[in-house]
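K.L.:
Take a look at this one; I'll ask things after.
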Amino acid sequence: MDNEQAGQVLLCPECETATLAALRGAVEVRDPNYGPPSLYSLVRCNKCTNPAVLLQEDYGQGWDDPVRIWPHNERLLSSAIPASLRREAEEARACYDAKAFTAAVVMVRRTLEGVCQEHGVDDRPLAKALQRMLDQGHLDARLLEWSQELRALGNAGAHYTGSAVSREDARDALELAEAMLDHLYVLAKRFKEFKDRRSAN
């Protein structure tokens, strides 16, 4: 494969241009002790020529969409978070990076719906599902408050109101949603491992 001819879609962190970046090299890592199969690609922006490193992972259905890991991306979600939820959150981030702030908060709301469904809660509307998450012990009072605010913002984004979603609101929604995912999946898993290790000693 000619690395100068092949490419990856890149939102360049330097010039903020969406471009088909030139692929300069790639390394595939397959180590079950490390995680899922991973593909690291070195690319170069076709406009400003600055480099970037992209990561793709394979969870059994082929390589997922590339995520920029260098220069440092805003957030690289843990593999402890279900792949379906990471895709929703990463799409929300992609919308934000493209300055589509309304679309970003709608994707955050979809992420909340996914969190509920991953926990077996299919109640409608979403406000009721989130309350059920609290009742079942999946959320505490603070996370419920966060999620209800994110739900309300997502609802406002999904319906025409004549008002734009601000950059600040979209950024906060992303960061709060990612913090929720960390709490529910990453920290919960780490705490379980900690308890198991303590019990074994």
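No value in this document is a laboratory result; all are computed from the given coordinates. Computed from a predicted structure; not experimentally measured. For neighbour counting, all protein chains shown are included, and Cβ atoms are generated from backbone atoms with ideal geometry for every residue, glycine included.
K.L.:
On C-alpha positions alone, give me the angle between the axis of helix 167-181 and the longest principal axis of the chain, in degrees, nearest 10.
P.N.:
70 degrees
K.L.:
Would you mind pulling out the separation of the Cα centroids of region 100-121 and region 176-200, in Å?
P.N.:
21 Å
K.L.:
Could you list T111, T161 in order of exposure, starting from the residue whose Cβ has the fewest other Cβ atoms within 10 Å?
P.N.:
So the residues, fewest neighbours to most, are T161, T111.
K.L.:
Rounded to the nearest angstrom and ordered from largest down, what semi-axes does the equivalent ellipsoid of region 1-73 get from its C-alpha gyration tensor (root of 5λ)?
P.N.:
23, 13, 10
K.L.:
Under a point spin-label approximation (7 Å from Cα along Cα-to-Cβ), what is the L11-E149 distance to one decimal in nm?
P.N.:
2.3 nm
K.L.:
If pairing requires two Cys Cβ atoms under 4.7 Å apart, which cysteines of the chain are left without a partner?
P.N.:
That list is C95, C116.
K.L.:
Mean 1/r over all different Cα pairs, inverted: what Kirkwood radius does region 121-201 give, in Å?
P.N.:
14.6 Å
K.L.:
Okay, next question. For K192, go through the lysines and keep the ones whose alpha-carbon is under 18 Å away, minus same-chain ones fewer than eight residues off.
P.N.:
Filter leaves no residues.
K.L.:
Right, next: What's the FRET efficiency of A26 with A100 using the Cβ-Cβ distance as r and R₀ = 30 Å, to the nearest 0.05?
P.N.:
0.55
K.L.:
Quick one: helix 126-135 against the long Cα principal axis of the chain, what's the angle to the nearest 10°, folded into 0 to 90?
P.N.:
The answer is roughly 70 degrees.
K.L.:
Something else about it: Where does each of F194, F101 land when they are ranked from fewest to most other beta-carbon atoms within 10 angstrom?
P.N.:
Fewest-to-most ranking of F194, F101: F194, F101.
K.L.:
Additional query: K189: which lysines have alpha carbons under 30 Å from its alpha carbon, excluding same-chain residues fewer than 8 sequence positions away?
P.N.:
Those lysines meeting the cut-off are K128.
K.L.:
For the chain, just list the percent of Cα-Cα distances falling in each 5 Å bin from zero outward, please.
P.N.:
1, 7, 13, 16, 16, 15, 13, 9, 5, 3, 1, 0, 0
K.L.:
Further question: Divide by every residue of the chain the summed helix terms, -39500 (n - 2.57) for each DSSP H run of at least 4, and state the resulting mean residue ellipticity at 222 nm, rounded to the nearest 500 deg cm²/dmol.
P.N.:
-14500 deg cm²/dmol
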